[in-house]
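Accompanying notes for the structure given below.
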Amino acid sequence: MGVTIVTDSTADLSLEMYEKFGIEMVPLTVYFKDEAYKDWVDIDPVSFYQKLQSSLELPRTSQPSPEQFLKVFKEELEKGNEVVSIHLSSKLSGTYNSACIAKEMIGSEKIYPIDGRTASIGTGILAILAKRLADEGRSGKEIADIIEKKKKAIRHLFAVETLEYLKKGGRISPAKATLGNVLNIKPILHIVDGVVEPFDKVRGMKRAIPRIIDEIKQKGLKLTKQLCGFSYAGSLDEAKEYVEMIKKELSPGELIVTQIGSVIGTYVGPGTVAFIFFEE
């Protein structure tokens, strides 16, 4: 008897991290024309961004089917486990809805789907926190209640090279997309109640992380006891200076560093940097 934590591939944890933390993952799919790739399973982030930049068309993405969740949920229930399933914002994807349908198909009260109201490593951080609560012996309901509260405090700030990918993918309006089209202006965005909104803009990507750090310091937030996340759309070698800057200036208690996978990467594009923390 225990509690299994399930998430989807947009949590942007590597396959090694899922194994390390003991979290189950259900993948979304990205399509380049007729070629289908399971996010993080069939295509790694670096290969994806190389393919994205050489493609004439924006790839398509699709959420997991309820049947994919059904299989995972059934296996865990048969082991005597409860399930807490944490997902990408329902305002950005139908993935959470697929998990809810799977719960209804089974008809079990031992499954707790959660709309994370965030994305990428933001979802990943919630899943890691949930797993640690499960390891402490908390029940499925206790974990779900705590994560529902924690998600309200999560802050997800990210800077993109261009808003074109978000605009083409329908995740931001054309009017908002005009923000970063001139003079090397790089938009900083955040997720508010599950929706992508403009936050600020800086001249050049080199100023994005310093601006995010400045925001945290202005609010007087202390991250020394927090689990935080950093994700980058590309090779992590390219992002080393950003990671070191965050560690030096903010001293997060624990920092999960990962890449942005193919599904989230379809909408934010290469070069995106993101930092996740809690405003509490």
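The values are calculated or read from the model by the stated rules, or taken from the named source; none is laboratory data. Note that the structure is predicted; figures quoted are calculated from it, not measured. Virtual Cβ from ideal backbone geometry, glycine too; neighbours counted across all protein chains shown.
One table, with the values for the structure above:
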| read-out | value |
| --- | --- |
| Extreme residue, modelled with the lowest pLDDT, among residues of segment 88-107 that are among the aliphatic types (A, V, I, L, M) and in a loop (DSSP other than H, G, I, E, B) | 92 |
| Criterion (within 19 Å of the chain's Cα centre (by Cα) and in a loop (DSSP other than H, G, I, E, B)) met by exactly one of 234, 229, 220 | 234 |
| Some residue of segment 187-205 being surrounded by fewer than 16 Cβ atoms within 10 Å (Cβ to Cβ), over 21 Å from the mean Cα position of the chain (by Cα), basic (Lys, Arg) and not assigned by TED's automatic domain parsing to the domain that holds residue 133 | yes |
| Matching residues, segment 237-265, being touching a strand residue (DSSP E or B) at 6+ places or on another chain (Cβ under 7 Å), surrounded by 16 or more Cβ atoms within 10 Å (Cβ to Cβ), at pLDDT 95 or above and outside any loop (DSSP other than H, G, I, E, B) | 242, 243, 246, 255, 256, 257, 258, 259, 262, 263 |
| Subset tally (residues that are hydroxyl-bearing (Ser, Thr, Tyr) and surrounded by fewer than 20 Cβ atoms within 10 Å (Cβ to Cβ)) for segment 119-166 | 2 |
| Residues (under 17 Å from residue 145 (Cβ atoms) and assigned to a helix (DSSP H, G or I)) located in segment 108-126 | 126 |
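Residues are listed down the side, and each one gets a yes or a no for (1) out of contact with any helix residue (DSSP H, G or I) (no Cβ under 6 Å at 6 or more places or on another chain); (2) charged (D, E, K, R); (3) more than 19 Å from residue 125 (Cβ to Cβ):
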site	(1), (2), (3)
215	yes, yes, no
221	yes, no, no
229	no, no, no
242	no, no, no
275	no, no, no
